[in-house]
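Take a look at the structure set out below.
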Amino acid sequence: MTDKTMTPEEVVGRLRSGMTLGIGGWGSRRKPMALVRALLRSEITDLTVVSYGGPDVGVLAAAGRIRRLVAPFATLDSIPLEPHFRAARESGALTLTEYDEAMFMWGLHAAANRLPFLPVRAGLGSDVMRVNPELRTVTSPYADGEEFVAVPALRMDAALVHLNRADRLGNAQYLGPDPYFDDLFCEAADAAYVSCEQLVETAELAKAGPPQSLLVSRHSVTGVVETPNGAHFTSCVPDYGRDEAFQKLYAATPWPEFRARFLSGGSEQAYQSAVQAWHEEER
């Protein structure tokens, strides 16, 4: 069996400007933020990002790295609209392809199954069709003759996801309440990189949770990175909840100031130390 362990820098070393990059998680929940921060330390830009958007989208948009965003939303959950995404969108800094949540999911399914599209009812009778004039409809070839939206496959060059536990082979497990479609992101991408809170032996995965928690299989994973607290400031239940105080700081702080204080240290450890220092100041 192949040991697929990597560092965040090694993952980013395999990415290129102009790629289509999928980012797992949902809003401000279990986002692979350590990998996103490593991406920010690189020169990679001109990305098409596919995401149930949260601060991953926000920081990449603020840094000018996104050319096109494909997403059903960009939110911080407790803060409804991601502020840096909003600023980028209002300034015209990125192009947005906005799908209904169900359409987005079926686009992932289509890509994971190597299909060009899937027919769905979601989107019909809504402004989704108006704001996405490139979308097409198809008619059932059977007697019903029903019309569907042909949701295109959301194929990706690479995907980044974060889970609670993983082994060195690429099997990964979520221990919280929701898988957030991370398995589909991995299967829909040409290469998939999993960060995790803790690397464990394969046998330990079976002890930690029920079989259905073994979400991501090694066959769809290119590399594994152990990044404790790697989803910060998003939640990674049950390991930790969202850092709401720090999220509020992020949302309220001008991007150049936030970047200078928390993202200029050159490593993930420097970021974590800067966050800890801020919390100590606030006590």
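The values are calculated or read from the model by the stated rules, or taken from the named source; none is laboratory data. Because the structure is a prediction, the values reported are computed rather than measured. Because the Cβ atoms are built from the backbone with ideal geometry, glycine has one as well, and the counts that use them run over all protein chains shown. These area figures cover heavy atoms from the full protein model, side chains too; ligands, DNA and RNA do not enter into them. Shrake-Rupley method; radii C 1.70, N 1.55, O 1.52, S 1.80 Å.
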Name the residue, out of GLU197, GLU187, that is assigned to a helix (DSSP H, G or I) and among the acidic types (Asp, Glu). GLU187
Within region 225-264, track down each residue that is assigned to a loop (DSSP other than H, G, I, E, B) and without any contact (Cβ under 8 Å) to a residue 40 or more places away in the chain. PRO228, GLY241, ASP243, THR253, PRO254, SER264
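For every residue, the table says whether it meets (1) of a type in the set (Phe, Trp, Tyr); (2) without any contact (Cβ under 8 Å) to a residue 60 or more places away in the chain.
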| site | (1), (2) |
| --- | --- |
| PRO116 | no, yes |
| VAL128 | no, yes |
| PHE148 | yes, yes |
| LEU154 | no, no |
| ALA159 | no, no |
| GLY170 | no, no |
Conditions (1) of a type outside the set (Val, Ile, Thr); (2) part of a loop (DSSP other than H, G, I, E, B); (3) open to solvent by less than 30 Å² (accessible area, probe 1.4 Å); (4) farther than 20 Å from ALA251 by Cβ: number failed by ARG114: (3)
Yes or no: region 91-112 includes at least one residue that is farther than 29 Å from ALA38 by Cα and either among the charged types (D, E, K, R) or without any contact (Cβ under 8 Å) to a residue 40 or more places away in the chain (or both). yes
Every residue in region 204-252 that is open to solvent by 50 Å² or more (accessible area, probe 1.4 Å) and modelled with pLDDT under 95, please. ALA206, LYS207, ALA208, PRO210, PRO211, GLN212
Between residues in region 9-28 that are over 19 Å from GLY58 (Cα atoms) and residues that are open to solvent by 10 Å² or more (accessible area, probe 1.4 Å) and of a type outside the set (Ser, Thr, Tyr), which pairs lie under 6 Å by C-beta distance while being six or more apart or on different chains? LEU15/ILE44
Which number in (1) open to solvent by 10 Å² or more (accessible area, probe 1.4 Å); (2) farther than 16 Å from SER195 by Cβ; (3) at pLDDT 95 or above marks the one condition that MET1 misses? (3)
Would you confirm, using the coordinates I've provided, whether ILE79 is at pLDDT 95 or above, closer than 21 Å to GLY265 by Cβ and surrounded by fewer than 24 Cβ atoms within 10 Å (Cβ to Cβ)? no
Mind telling me which of the residues LEU205, LEU169 ends up being more than 19 Å from PRO72 (Cα to Cα), in contact with a Lys or Arg (Cβ under 7 Å, 6 or more places away or on another chain) and part of a helix (DSSP H, G or I)? LEU205
Any pair with Cβ under 7 angstrom, 6 or more apart, that starts in region 265-283 at a residue that is of a type in the set (Gly, Ala, Ser) and ends at one that is assigned to a loop (DSSP other than H, G, I, E, B) and surrounded by 11 or more Cβ atoms within 10 Å (Cβ to Cβ): GLY266/ARG41; ALA274/GLY265
